[in-house]
Amino acid sequence: MTGQAAATGPAAAPTQTAASNQAAGRALIFSATFGVVYGLCFYYNWPLFAYYPQVNEAHFSGQLVETLGPPILWYGWLATAGLVAVAAAYLVPRAVSDRLWHGWAWIIPAAVVVVILIYERRWFVTPPQ
Amino acid sequence: MITTLLIIHGLLAVALLGAITHQAFSVRARTRAAGQRSFVDQFSGVNPAVYATPIMLLFIVTCIGGAFLYPQYRLDVRPTLEDLQYRAANGIFEIKEHMAAIGLGMLPIYVAYWKAPLLASHSVTRRYLTWLLAFLVWWNFLIGHILNNIKGLFA
């Protein structure tokens with residue numbers, strides 16, 4: 001018996017199935033939104049804030065401050081994507097989220113990974129300026 | 001301090017890598033032929049559901065460690081790589097941070113599908129979610145080590 005088959009065990013009761021689908025519905029909205037929004041934040045450079053490690057300061061203005069040293073935008077992209085994903089998970093009606101096809105759970109993040117890898121090939125094919 | 005954090009980050013990553021690799025092998029399709037079981041079969045013969053929560057926690061804690069290490073990388077390592085024109089090294093780190101972010105975003109749905117009751121109709125989704133997370137973890141683990149040892153690798 002495989003590990004997964006052993007874990008699956010007997011058929012789940014209908015109430016358990018419904019509860020599982022509902023929990024997965026919100027999680028699916030969160031995860032799908034997070035991946036897509038993170039990709040957009042990175043591509044269009046929409047960090048919620050920029051952190052400047054040289055001076056240990058975070059700035060919420062949209063403009064980068066060059067005098068403060070090199071910025072870290074990753075924290076800000078994560079924050080933007082996290083906030084939007086949480087909002088989406090709670091704003092999308094359950095009637096919609098519970099009916100989404102579960103395959104989107106892995107297809108959307110996988111697509112984001114592929115798009116990012118294609119975009120980031122610039123580091124390997126573009127000669128140094 | 002930063003060296004201690006780097007070592008802890010690396011050790012957590014090893015634990016995460018082991019857990020996700022066990023789980024990723026355990027969800028692959030297998031023949032049920034009785035008889036002698038290979039090493040791979042025995043490596044895969046774990047209950048994958050019990051790995052989900054530890055994997056989620058290890059992923060989060062490892063990412064937090066990486067986030068604390070990031071400023072040092074941004075101030076010291078990246079400028080050095082740029083000076084040495086190691087453009088690809090900076091590129092693979094950029095991808096590493098994106099993979100970590102996507103993995104973090106995937107955790108809620110990953111855990112939701114590994115939570116009991118495990119519906120048989122979701123087994124394919126569980127498998128691909130696990131494999132995708134395993135790919136992200138393996139990428140970040142290998143790239144982290146390459147960058148950490150880059151002075152020795154490309155001296």
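Rule-based calculations on the coordinates, nothing more; no lab input. Because the structure is a prediction, the values reported are computed rather than measured. Neighbour counts are summed over all protein chains in view; Cβ atoms, including those assigned to glycine, are modelled from backbone coordinates with ideal geometry.
For the range B:93-140, filtering for residues that are without any contact (Cβ under 8 Å) to a residue 60 or more places away in the chain, more than 7 Å from chain A (Cβ to nearest Cβ) and over 13 Å from the mean Cα position of the chain (by Cα) leaves 5. Scanning the range A:97-109 for residues that are buried (at least 18 other Cβ atoms within 10 Å of the Cβ) and under 13 Å from B:L132 (Cα atoms) returns A:A105, A:W106, A:I108, A:P109. Determine, yes or no, whether A:I116 is touching a His at 6+ places or on another chain (Cβ under 8 Å), β-branched (V, I, T) and surrounded by 20 or more Cβ atoms within 10 Å (Cβ to Cβ). So A:I116 fits the description; yes.
A search for C-beta distances below 8 Å between a residue of the range B:51-77 that is more than 9 Å from chain A (Cβ to nearest Cβ) and any residue that is among the charged types (D, E, K, R) and not in a helix (DSSP H, G or I), counting only pairs 6+ apart in sequence or on different chains, returns B:A52/B:K115.
Might you check whether a residue that is outside any helix (DSSP H, G or I), among the polar types (S, T, N, Q) and farther than 23 Å from A:Y52 by Cα occurs anywhere in the range B:37-53? Can you show your working first?
Going through the range B:37-53, the residues outside any helix (DSSP H, G or I) turn out to be B:37-38, B:45-47.
Of the ones still in play, those that are also among the polar types (S, T, N, Q) are B:38, B:47.
Going one step further and asking which of them are farther than 23 Å from A:Y52 by Cα, we end up with B:38, B:47.
The answer is yes, given that some residue of the range B:37-53 is outside any helix (DSSP H, G or I), among the polar types (S, T, N, Q) and farther than 23 Å from A:Y52 by Cα.
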